[in-house]
Amino acid sequence: MVIDSVIRKKRLRSGLTALALGSLIVIGGCASRPPPPGGDLLVPLAAPAPWLPEPSDKVAARAVAAALASDAPTLKSAVAELNTISDSHKGADLDALAADLLHSTLDDPEAYRVASEKLTAGWNTDPALDARLQMAIDDDLLALAWQRRRDTWENYCARTFNAVSQPLGQALFNGFVLAPLQISTSVAHYLASFSNDEALPATDRQALALRKEYLARNPKASDAAFVQGQVAGADAKLAKTMRTRRLRTARAAEKSGRYRVAGMEARRALFWGPSPEAEKILAHSKARNAEHHQLFERSLEATPEPPGGRYTASSRQLAIALLRSSGASQPLDPDLLETLEGESRGTGYASGQAAYVFALAQYEAGKENASWKTLKTLAGQSPAENGMVRHAAHLIGDAWQHPYLAYRDARARSRNKTLRWRLFGQFATANRYPNLPRSLGLLLESPGIATALATSPIRLIFGRWQPDPDFQRASAMLAYRYLGLHPAGQHSEELVAWLFDYETSRGNSVAALRLADFLPAMSDAKRAELAEAASAQQLSGAERIKRPDRRIQALRFTSMEYPDNAAGRLAGLRVRAELEDASPQKITITKDFLVENPRVPGPAGLGLNPILINGEVEDGELHPTGITLLGGLTLRFDLIGEDGKEKSPPAPLYKQISAERMAQLAAMLDETTRRNELIDPGDRLVPDADRDQFLERALLGLADRPDKRPTAQSTYVYQSMRERYGIVRGRESILPFDLVLQGSFSDLNLGAFPRWRPPKETPDIFLYR
């Protein structure tokens, strides 16, 4: 009898391997080919052999009972007695497990870590047990906090080392004539890089959280006062960091005129401590917001007509005509339009009304350019003399109301960005030091900018095979917006032609094919080629969908949309194959995984016939694909076909197994993968909630009632280490240095230098960004 240890929370995990309790129940099976000639796919489950407990079993059971009852004296005596017993049932690790069981009753976590460290030294225990004990030893909050603090200093040291080694390595290849300039430039960038650092880096924030957790767990520890001082200092730096972040956002919002956001960010900055700048931004944003609300309330007020008459008879006539035309959805009278056109050329409030209404009438009549020209003339007048000026200016400047003008402006900006990127490369789009004054940042980047400008012809030659940044995205969005508002507008043909070229250049054949319907007739060959590319793109996108129901829906749409294309016909076949092979689960266990982990196919696991993985094709052999769990109690065994080649498609055999065998397989899979992960961190079990849910249901005997929801399907594949990493797995060097060979055609720069590799980030680092 083998028992596993009680963890510090005194929970026991039984290490006794349960034998099978019943024989294989074959409910039925259909096969696409006869069973392998060597025998059945699965061997019968053997009944548990009778046995009588020996002294080690009885003492171990007494120790477990004492641990569950928190009876420390009885547990201590049982463990001492167990060390003196030697019989056939006593496993090699029973003494170590019993000692860990006794150590788990210690109230002091530090004492438990010390005891676990002694237990791992010289006991020659199981590697999985050693790994679990090592995890307990490493779970020292203050030690982990010191490691995170050490990572901070190592990052600084690596930055310093790399700032010197890179220019020296480049000088060896490019000559030492430019070495002083390169070293001085590197040092300047090194010093400027500290402007991007925060008062409390992410690794120090991890250390702060660990120290706070230590104080919460051990409020009366002897070093609590010292740790509290460290926490207080780090809290002050954290407040400064968060205040700086909020102030930076508040400045940007205030500069762009978003005063509500600026005020909100200023309040957040003040939450972390007093700040005169935040108070100033908050006061300014409150004043501007109050002014905005006053203007908003004023714009909604109905002001009475002043004495002497502000509104003429023509104004009343215009108002009546507008009310009549809007109710009947009829255009304005031509005589009224002629009158409005004449009055719009004047000045004053009445002429502004006439010009605004006349522009709207032109717009509704399909004369877009004339309408915007009238509004532009109106927007150029004085707002103090004409109350309609601000309304006209708003229509012209609103990208939703005037998308064509916004499109032209975006096109001009994108051309400028493209030209700057061609000339200056990365310096045209990136600002490495946003916290420094703009002039100082340009001064630091001036050597690189000069080099990029001088080598721009080389970049133009060799850069044509590299993807360019998409500077036209905003222009395309505005063009689509215009076509949505005005499908038959004056500029629709121009925008459709430009969008067709844009979508074709970025490989979006589906959109290009839709736009081709609105272009002049193109040749049949070109349209057929475009349809083939669009169908292939649609099929590729459908195959990337993970959910089976949505994937089938996308495939069906592709087959209906492109019935005359090869990809459309293939999509139709895929729909049929998906429906024929549909199953609640598709969890695959490869053949190499079964060979590498013999306990899974063994009698305590699936009970697979050994001839299926013995490497002999003549007596029946599993295909490299292996076995697939299809949900419920159904398994698919992929065998090598009659041609005997592993590269050929497999020959599937479908079998239903008993609930006991499925539970046994699920338990062995879970135990084996978790044990492998403890022994070798590279053999990591990738998280998959649907896989874990299926295995948990199988362990509880609920596998015969499969969860048929599409979102519950798992496509996880259990692979061997060789399938993951190849024949030889790459290992990182113990030393934190890499030899870098650097070359660039864009600036004709060569170099070889050592680079200090920064420490690896922990998986939870994103919580502290």
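The values are calculated or read from the model by the stated rules, or taken from the named source; none is laboratory data. The structure presented is a predicted model; accordingly, all values stated were derived computationally and were not measured. Please note: Cβ atoms are built from the backbone with ideal geometry, for glycine as well, and neighbour counts cover all protein chains shown. Quick note on the areas: whole protein, heavy atoms, side chains included, nothing else; ligands and nucleic acids left out. Shrake-Rupley method; radii C 1.70, N 1.55, O 1.52, S 1.80 Å.
Taken as a whole, the stretch 71-90 holds no residue that is outside any helix (DSSP H, G or I), of a type in the set (A, V, I, L, M) and within 47 Å of the chain's Cα centre (by Cα). Comparison of R527, R574, R544 shows that the only residue that is within 30 Å of A666 (Cβ to Cβ) and touching a helix residue (DSSP H, G or I) at 6+ places or on another chain (Cβ under 9 Å) is R544.
So in the stretch 580-603, with the set limited to residues that are buried (at least 19 other Cβ atoms within 10 Å of the Cβ) and not β-branched (V, I, T), which one is farthest from the chain's Cα centre (by Cα)?
Among those residues, the one meeting the criterion is P601.
Just one of Y654, Y716, Y725 is of a type in the set (S, T, Y), modelled with pLDDT under 90 and within 26 Å of L622 (Cβ to Cβ); which is it?
Exactly one residue qualifies, and that residue is Y725.
Which pairs turn up if I take residues in the stretch 153-167 that are without any contact (Cβ under 8 Å) to a residue 12 or more places away in the chain and acidic (D, E) and look for partners that are open to solvent by 60 Å² or more (accessible area, probe 1.4 Å) and in a helix (DSSP H, G or I) with beta carbon separation below 8 Å, at least 6 apart in sequence or on another chain? From the stretch 153-167, no pairs qualify.
Scanning the stretch 169-186 for residues that are open to solvent by 60 Å² or more (accessible area, probe 1.4 Å) and either modelled with pLDDT of 85 or more or farther than 19 Å from R755 by Cβ (or both) yields F176, V177, L178, P180, L181, S184. When the stretch 96-112 is limited to residues that are of a type in the set (D, E, K, R) and surrounded by fewer than 19 Cβ atoms within 10 Å (Cβ to Cβ), the one that is nearest to V59 (Cα to Cα) turns out to be D107. If you go through the stretch 350-369 and keep only what is surrounded by 15 or more Cβ atoms within 10 Å (Cβ to Cβ) and either under 22 Å from L485 (Cα atoms) or modelled with pLDDT under 75 (or both), you end up with A350, Y356, V357, F358, A359, L360, A361, Q362, Y363, K367, E368. Flag: A497 does not match the condition of being over 27 Å from the mean Cα position of the chain (by Cα), of a type in the set (G, A, S), open to solvent by 70 Å² or more (accessible area, probe 1.4 Å) and modelled with pLDDT under 95. Candidates G233, G229, G273: the one that is on the phi > 0 side of the Ramachandran plot and not polar (S, T, N, Q) is G273. Annotation note: Cβ proximity below 9 Å between a residue of the stretch 217-232 that is of a type outside the set (K, R) and a residue that is part of a loop (DSSP other than H, G, I, E, B) (sequence gap 6+ or interchain) occurs for A224/N218; V227/N218; V227/A221.
Residue-wise test of (1) of a type in the set (F, W, Y); (2) part of a loop (DSSP other than H, G, I, E, B); (3) more than 25 Å from D126 (Cα to Cα).
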{"residue": "A666", "(1), (2), (3)": "no, no, no"}
{"residue": "N676", "(1), (2), (3)": "no, no, no"}
{"residue": "R684", "(1), (2), (3)": "no, yes, no"}
{"residue": "Q693", "(1), (2), (3)": "no, no, yes"}
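Listed by position, the helices (runs of 4 or more DSSP H) inside the stretch 340-447 whose residues that are touching a residue at least 60 places away in the same chain (Cβ under 8 Å) and in contact with a helix residue (DSSP H, G or I) (Cβ under 6 Å, 6 or more places away or on another chain) number at least 3 are 403-424. For the stretch 43-69, filtering for residues that are part of a helix (DSSP H, G or I), touching a residue at least 24 places away in the same chain (Cβ under 8 Å), among the small types (G, A, S) and surrounded by fewer than 15 Cβ atoms within 10 Å (Cβ to Cβ) leaves 1.
The single condition among (1) more than 25 Å from R724 (Cα to Cα); (2) open to solvent by less than 40 Å² (accessible area, probe 1.4 Å); (3) of a type outside the set (S, T, Y); (4) within 32 Å of the chain's Cα centre (by Cα) that L633 does not satisfy is (4). In the stretch 514-525, of all residues being within 21 Å of A488 (Cβ to Cβ) and either assigned to a loop (DSSP other than H, G, I, E, B) or of a type in the set (A, V, I, L, M) (or both), the one that is most open to solvent (accessible area, probe 1.4 Å) corresponds to F518. Restricting attention to the stretch 175-192, the residues that are without any contact (Cβ under 8 Å) to a residue 40 or more places away in the chain, among the hydrophobic types (A, V, I, L, M, F, W, C) and under 13 Å from R432 (Cβ atoms) add up to 1. From A567, A577, which residue is over 30 Å from A49 (Cα atoms), small (G, A, S), open to solvent by less than 20 Å² (accessible area, probe 1.4 Å) and at pLDDT below 95? Going through A567, A577 in turn, just one is over 30 Å from A49 (Cα atoms), small (G, A, S), open to solvent by less than 20 Å² (accessible area, probe 1.4 Å) and at pLDDT below 95: A567.
Taken over the stretch 649-670, the residue count meeting the criterion of being in contact (Cβ under 8 Å) with a residue 60 or more places away in the chain, open to solvent by 40 Å² or more (accessible area, probe 1.4 Å) and charged (D, E, K, R) is 2. Going by the conditions given, is A199 within 27 Å of P759 (Cβ to Cβ), part of a loop (DSSP other than H, G, I, E, B) and touching a Ser or Thr at 6+ places or on another chain (Cβ under 9 Å)? It is true that A199 is within 27 Å of P759 (Cβ to Cβ), part of a loop (DSSP other than H, G, I, E, B) and touching a Ser or Thr at 6+ places or on another chain (Cβ under 9 Å). Screening the stretch 222-246 for residues that are small (G, A, S) and open to solvent by less than 30 Å² (accessible area, probe 1.4 Å) and picking the one that is farthest from S275 (Cα to Cα) gives A224. Looking across the stretch 751-765 at every residue that is in contact with a Ser or Thr (Cβ under 9 Å, 6 or more places away or on another chain) and basic (K, R), the one that is most open to solvent (accessible area, probe 1.4 Å) is identified as R755. Of the residues S439, S446, S456, S414, only one is polar (S, T, N, Q), more than 30 Å from E364 (Cα to Cα) and exposed (fewer than 12 other Cβ atoms within 10 Å of the Cβ); which? From the options S439, S446, S456, S414, the qualifying one is S439.
Could you tell me whether any residue of the stretch 622-645 is of a type in the set (A, V, I, L, M) and in a helix (DSSP H, G or I)? Within the stretch 622-645 (the criterion being of a type in the set (A, V, I, L, M) and in a helix (DSSP H, G or I)), the answer is no, since none of the residues qualifies. When you scan the stretch 717-726, do you find a residue that is surrounded by fewer than 19 Cβ atoms within 10 Å (Cβ to Cβ), free of Cβ contacts under 8 Å to residues at least 60 places away in the same chain, touching a helix residue (DSSP H, G or I) at 6+ places or on another chain (Cβ under 9 Å) and of a type outside the set (G, A, S), even just one? No, the stretch 717-726 contains no residue that is surrounded by fewer than 19 Cβ atoms within 10 Å (Cβ to Cβ), free of Cβ contacts under 8 Å to residues at least 60 places away in the same chain, touching a helix residue (DSSP H, G or I) at 6+ places or on another chain (Cβ under 9 Å) and of a type outside the set (G, A, S). All but one of (1) at pLDDT below 85; (2) crowded, with 19+ Cβ neighbours inside 10 Å; (3) of a type in the set (D, E) hold for D138; which doesn't? Result: D138 passes all but (2). Within the stretch 492-509, residues that are within 14 Å of Q537 (Cβ to Cβ) have Cβ atoms under 8 Å from residues that are surrounded by fewer than 15 Cβ atoms within 10 Å (Cβ to Cβ) and not small (G, A, S) in these pairs: R506/D470, counting only partners at least 6 apart in sequence or on another chain. Residues in the stretch 247-282 that are open to solvent by less than 20 Å² (accessible area, probe 1.4 Å), in a helix (DSSP H, G or I) and closer than 21 Å to L200 by Cα: L247, A250, E265, A266, A269, A278.
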